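Colleague: Have a look at this one before I ask anything.
The values are calculated or read from the model by the stated rules, or taken from the named source; none is laboratory data. Here the structure is a predicted model, which means the values were calculated and not measured. Positions of Cβ are generated from backbone atoms using ideal geometry, with glycine treated the same way; all protein chains shown enter the neighbour counts. These accessible areas exclude ligands, DNA and RNA; they are computed on the full protein's heavy atoms, side chains included. Shrake-Rupley method; radii C 1.70, N 1.55, O 1.52, S 1.80 Å.
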Amino acid sequence: MDLIDTVLDVDATSLMKNSQITFDKAVKRFPTGTTALDGIDLDVRRGEFVAVVGPSGCGKSTLLRMAAGLDRCTSGSVCVATYSVGFIFQEPTLMPWRNVQGNIELSAELGGVDKNTRRERAIAAIDAVGLTGFADQLPSALSGGMKMRVSLARALTSLPEVLLLDEPFGALDEMTRYDMQALLHRLCNEKKFTAMFITHSVSEAVFLADRVVVMTPRPGRIHSVVDIEFDRPRTESLRFDRVFTEYVAQISTSLRGVA
Ligand code: ADP
């Protein structure tokens, strides 16, 4: 795993623009010769929720991994103006031998947070994600949606300023997915995270995001950025709004155009 150096570098211009994550002409070419990303310019502002959609293989995960400092760019730069970053994957990746509480405490534990503090944070996080009463359960006793709640709660215990989410709800059934979108939306409003969110679902992107970035096929470039001009907090009824449907149609048409 590459270690961070360009990432977590706070530059003055980013600060002036109130940017939390800045991609500046970022290019990623793998040693295999694959160019995954080609010249990404994107500012994610503090407290903003940005969703990224695009065809499979266009570099969405690579983009997020670079923001997390798990990959470095070949040229250009990626700056994240905080050390406090949480990453949530599609797989909840829970330790099967640890109960809900033990799993939720894990990232704070790895971050060196003392036992009492991480216990308090875990209890608050369990409550925040609606898992009160399940602290002693093992992952094998949980549904897919509950496991994802544990994964979200685990990220919360590190008190992240930035949340990076790589298709976290992709494996869930539709109703559970709606519940998880509502939960994530509420948490983002309460905790004021800056979020970058990868998804294949255009309606999920429109429901959650302040801006939706549409990417081209590989090598991934930014095709367009759509501002979603709905106030927060948003409610379920938004999904039946005419303007919501128009956003979904506009972005889906862009996606079909680039595919
Ligand atoms: P997406 O998330 O949009 O599906 P990825 O970011 O996973 O796309 O991958 C973008 C491209 O980079 C793909 O062609 C993929 O095969 C390639 N790729 C991803 N990771 C690596 C790697 N470690 N080594 C070589 N190629 C990679």
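Colleague: Quick check of the Kirkwood formula: for segment 118-181, what is the inverse mean of 1/r over all pairs of different Cα atoms, in Å?
Modeller: Numbers: mean 1/r = 0.0807 Å⁻¹.
The Cα-based Kirkwood calculation yields 12.4 Å.
Colleague: So which of 25/192; 25/147; 147/192; 28/191; 25/191; 60/115 end up more than 25 Å apart by C-alpha?
Modeller: Exceeds cut-off: 25/192; 25/147; 28/191; 25/191; 60/115.
Colleague: Could I ask something else about it? Counting only Cα, what are the radius of gyration and maximum Cα-Cα distance Dmax of segment 42-185, in Å?
Modeller: 15.7, 49
Colleague: For the chain, what is the accessible area per residue in Å² when the probe is 1.4 Å?
Modeller: Details: 12000 Å² over 259 residues.
I get 46 Å² per residue for the chain.
Colleague: Now, a different point. Among 198, 104, 228, which one shows the highest mean-square fluctuation when the chain is modelled as a Gaussian network with alpha-carbon springs under 10 Å?
Modeller: Of 198, 104, 228, the Gaussian network model singles out 228 as fluctuating most.
Colleague: Using bins 5 angstrom wide from zero, how does P(r) for segment 180-222 break down, in % of all Cα pairs?
Modeller: Distribution as computed: 5, 19, 29, 23, 12, 8, 4, 0 percent.
Colleague: Can you give the % of DSSP beta bridges in the chain that are antiparallel, to the nearest 5? It would help to have the intermediate numbers written out before the result.
Modeller: On the way: 18 of 36 bridges.
Rounded to the nearest five, the antiparallel share is 50 percent.
Colleague: Expected output is a single nm value to one decimal: the length gained when fully extending between residue 143 and residue 124, i.e. 0.36 nm times separation in residues minus the C-alpha distance. What is it?
Modeller: Gain on stretching residue 143 to residue 124: 4.8 nm.
Colleague: Loop only per DSSP, at most 11 neighbouring Cβ atoms within 10 Å: give me the trypsin sites (Lys or Arg not before Pro) in segment 175-259, ordered by residue number.
Modeller: Those satisfying the criteria are 192.
Colleague: Can I get the semi-axes of the chain's equivalent ellipsoid? Compute them from the C-alpha gyration tensor as square roots of 5 times the eigenvalues, in angstrom, largest first.
Modeller: Value: 29, 23, 17 Å, ordered largest first.
Colleague: Cut-off 10 angstrom, C-alpha nodes, Gaussian network model of the chain. Which of 112, 59, 130 fluctuates the most?
Modeller: Highest fluctuation of the listed residues: 112.
Colleague: Let me ask something else. If you roll a 1.4 Å probe over segment 114-164 with all protein chains in place, what percent of the accessible area is carbon or sulfur?
Modeller: 50 percent
Colleague: Just the ratio, please: alpha-carbon radius of gyration of segment 16-102 over 2.2 N^0.38 Å, N its number of residues.
Modeller: 1.26
Colleague: Please compute, for the alpha-carbon atoms of segment 153-239, the extent along each of the three principal axes and give them in descending order in Å.
Modeller: Extents along the principal axes, in whole Å: 36, 32, 27.
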